[in-house]
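Novice: Here's a structure for you.
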């Protein structure tokens, strides 16, 4: 004779708990960080030389704004921290069938790591390479 457990587990969650809300906030923060990084990149890049500027003889900056690039580096490091904390919380919460992994945090982490690598590569490599 075989005994089987016919009782179903009751889902006692009445709504999103504290950690799910934290994950939602971290996802929102990650979007704000991505838009802030794009804005800083837009402001830090060299100006494009246009016909009217060339005709007037005005000088155009052809170097990146290093102050803004420094701010961008710290913003990207903060992005790695936010995504790491979010991924750690999400991995602990990913136990039930209806739980889902936050793709935004993974994308922010990957983009932040790529940004850090590009920054370190351009800062520490000689100009000739």
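Novice: Looking at segment 59-86 only, could you name the residues that are free of Cβ contacts under 8 Å to residues at least 12 places away in the same chain and closer than 14 Å to residue 115 by Cα?
Specialist: Hits for segment 59-86 are 70, 74, 81.
Novice: State yes or no: is residue 21 at pLDDT below 90 and either over 30 Å from residue 120 (Cβ atoms) or surrounded by 10 or more Cβ atoms within 10 Å (Cβ to Cβ) (or both)? Working first, answer last.
Specialist: On the way: at pLDDT below 90: yes; either over 30 Å from residue 120 (Cβ atoms) or surrounded by 10 or more Cβ atoms within 10 Å (Cβ to Cβ) (or both): yes.
For residue 21, the condition - at pLDDT below 90 and either over 30 Å from residue 120 (Cβ atoms) or surrounded by 10 or more Cβ atoms within 10 Å (Cβ to Cβ) (or both) - is met.
The values are calculated or read from the model by the stated rules, or taken from the named source; none is laboratory data. These numbers were taken from a predicted model, which means no experiment stands behind them. Methodologically, a virtual Cβ is constructed for each residue, glycine included, from the backbone with ideal geometry; neighbour enumeration extends over all protein chains shown.
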